[in-house]
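Working notes for the structure below.
The values are calculated or read from the model by the stated rules, or taken from the named source; none is laboratory data. In this text the structure is predicted, and so the values were computed from the model without any measurement. Here the Cβ is made from the backbone with ideal geometry for all residues, glycine too, and neighbour counts use every protein chain on show. Please note that ligands, DNA and RNA were not included when accessible areas were found on the heavy atoms of the full protein model with its side chains. Shrake-Rupley method; radii C 1.70, N 1.55, O 1.52, S 1.80 Å.
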Amino acid sequence: MYDMKIVINGRRRLSGTVKISGAKNAALPELAAAILSSDEFEFCGVPEVEDIKVMFEALKNIGAKGEFINNKIKIRIPSLKSGLVPKDIIETSRASILILGPLIARNGYAKVSLPGGCPIGDRKIDFHLEGLKRMGAKINIEDGYIIAKSDKLCGIEYTFPNKSVTGTENLLMAATLAEGETFLGNCALEPEISDLIKLLSSMGADIKQGENNSLIIKGKTTLKGSIHKVIPDRIEMGTYIIAGCLLDNEIIVENAIPEYIKSLLNVLENMGVKIVIEKNRIKVNPTDNIFPIDVGTKPYPGFPTDLQAQLTTLLTQANGISRIKENIFNRRFRHVYELNKLGANIEVKGNTAIIKGKTELRGGVIKSTDLRASAALLLGGLIADGETVVGNSYQLFRGYENMPEKLSQLGADIKLIKR
Ligand code: EPZ
């Protein structure tokens, strides 16, 4: 799996329609939420990507029964055969931390591997652990595992020091089975979290949204199963919209929810890109002159850190100097050095990338460093003259469903080489 290469012959014009898959970052916590009930769940629109397969395996390891076929997951955890989520199953993803909250809530015991995931910064988990400890869990970290025990979780008042996506999801899920009321302040409220709230509510959880990004949860003794459709992936949406802005491409993105991606659409509008927005479709028309911009990443509804790398590639084609400030993660610029190997002129100063455009990119041999960086490098290959080989492409398949096939259908000359 790890020795995968994607080979692109660049400068082909892309046109046509691409359909967006379900959101990986919604499906991950939603699958973990299945731990909260012994009933059956049916999820549709689940992207067939590696991080989801890893989550599914980890759930099977603790006693889940089910199947994952044609973007549908049927799953039931009638009883927990173990509280163990071992390293070898889960080390490449963040799934283990999402399992921790629901598992301790239902089982009173969890031994989960410390989370992996993209090497994009420190990725601390102190808010998760602090919240669970306040709920009554005893937590130790030993030999790369988080070991949590609790007779019963109790409702708490906890305000996150900073917004955390999986931190909010974890404490929210744990609180649905805790005794009494939980108040969570300064929550992240990404669309994926709203979708998780929709699922949990359909399971019988009592969750209300309060002022200033707070959530108030009244704990229940049991929750029931559900049938749930995962929302479309806004980061995949954004990635194909950015692909549509390259060369004189003309792409229609289908199964899109424009509302989720307003911050990107605003940025692109300021860059002079011509975009037509319909109800579930976004059309990107060819643009002759792309203007440079200054933008900073922020929690939703701000500009997403998960599109920073892809926008960087586009800005190599803007006429002038752009700056992107990365405010969420402290090491999320590794794609820059790879893009520079293709002829980009990007300098990183502190947490800002300064992109001098427009540069003609030429093919080369580069390496994926993380999931979104992989997508950014593919976009680089699409505009580079000649052949680009992107190594370590396993990263891409952690979060993008069939990306080489989707690009190929739009007209790209792209192939995947597995060894
Ligand atoms: C989620 O990661 C996403 N992953 C990431 O997507 C995304 O980049 C990130 O949110 C930000 O939007 C999933 O949803 C599975 P955070 P998460 O906790 O939850 C600090 C992708 O490409 N922090 O919101 O791990 C942390 O260090 C991935 O699909 C603490 O200090 O991110 C970071 O600076 C990559 N203590 C900031 O908060 C904590 O306990 C935001 O992190 C938790 C977080």
Looking at (1) crowded, with 17+ Cβ neighbours inside 10 Å; (2) over 23 Å from Ala376 (Cα atoms), can you tell me which one Ile8 breaks? (2)
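So that you can scan it fast, the table gives a plain yes or no per residue for (1) within 16 Å of the ligand (Cβ to nearest atom); (2) acidic (Asp, Glu); (3) touching a helix residue (DSSP H, G or I) at 6+ places or on another chain (Cβ under 7 Å):
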residue	(1), (2), (3)
Gln310	yes, no, yes
Leu314	no, no, yes
Asn319	no, no, no
Arg323	no, no, no
Arg331	yes, no, no
Ile346	no, no, yes
Gly350	yes, no, no
Hey, Lys298 within 15 Å of the ligand (Cβ to nearest atom), open to solvent by 30 Å² or more (accessible area, probe 1.4 Å) and free of Cβ contacts under 8 Å to residues at least 40 places away in the same chain or not: yes
Is region 173-183 home to any residue that is surrounded by fewer than 19 Cβ atoms within 10 Å (Cβ to Cβ), in a loop (DSSP other than H, G, I, E, B), more than 10 Å from the ligand (Cβ to nearest atom) and free of Cβ contacts under 8 Å to residues at least 24 places away in the same chain? no
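Do you know which residues across region 187-212 are of a type in the set (Val, Ile, Thr) and not in a strand (DSSP E or B)?
If the condition is that a residue be of a type in the set (Val, Ile, Thr) and not in a strand (DSSP E or B), then Ile193, Ile197 are the ones that fit.
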Residues that are under 14 Å from Ile252 (Cβ atoms), touching a Gly at 6+ places or on another chain (Cβ under 7 Å) and polar (S, T, N, Q), drawn from region 13-38: Ser15
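Among the residues of region 331-369, write down those that are among the aliphatic types (A, V, I, L, M) and assigned to a loop (DSSP other than H, G, I, E, B).
Here is the first cut: in region 331-369, the residues among the aliphatic types (A, V, I, L, M) are 336, 339, 342, 344, 346, 348, 353-355, 361, 365-366.
Of everything in region 331-369, those that are among the aliphatic types (A, V, I, L, M) and assigned to a loop (DSSP other than H, G, I, E, B) turn out to be Leu342, Ala344, Leu361.
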For region 122-140, which residues satisfy the criterion of being within 15 Å of the ligand (Cβ to nearest atom) and touching an Asp or Glu at 6+ places or on another chain (Cβ under 9 Å)? Arg134
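Identify, please: which residue in region 227-251 is of a type outside the set (D, E, K, R) and surrounded by fewer than 20 Cβ atoms within 10 Å (Cβ to Cβ) and is, among those, modelled with the highest pLDDT?
Among residues in region 227-251 that are of a type outside the set (D, E, K, R) and surrounded by fewer than 20 Cβ atoms within 10 Å (Cβ to Cβ), the one modelled with the highest pLDDT is Ile227.
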I'd like to know if region 33-43 contains one or more residues that are open to solvent by 30 Å² or more (accessible area, probe 1.4 Å) and assigned to a loop (DSSP other than H, G, I, E, B). yes
For region 367-419, give me the residue count where each residue is open to solvent by 20 Å² or more (accessible area, probe 1.4 Å) and small (Gly, Ala, Ser). 3
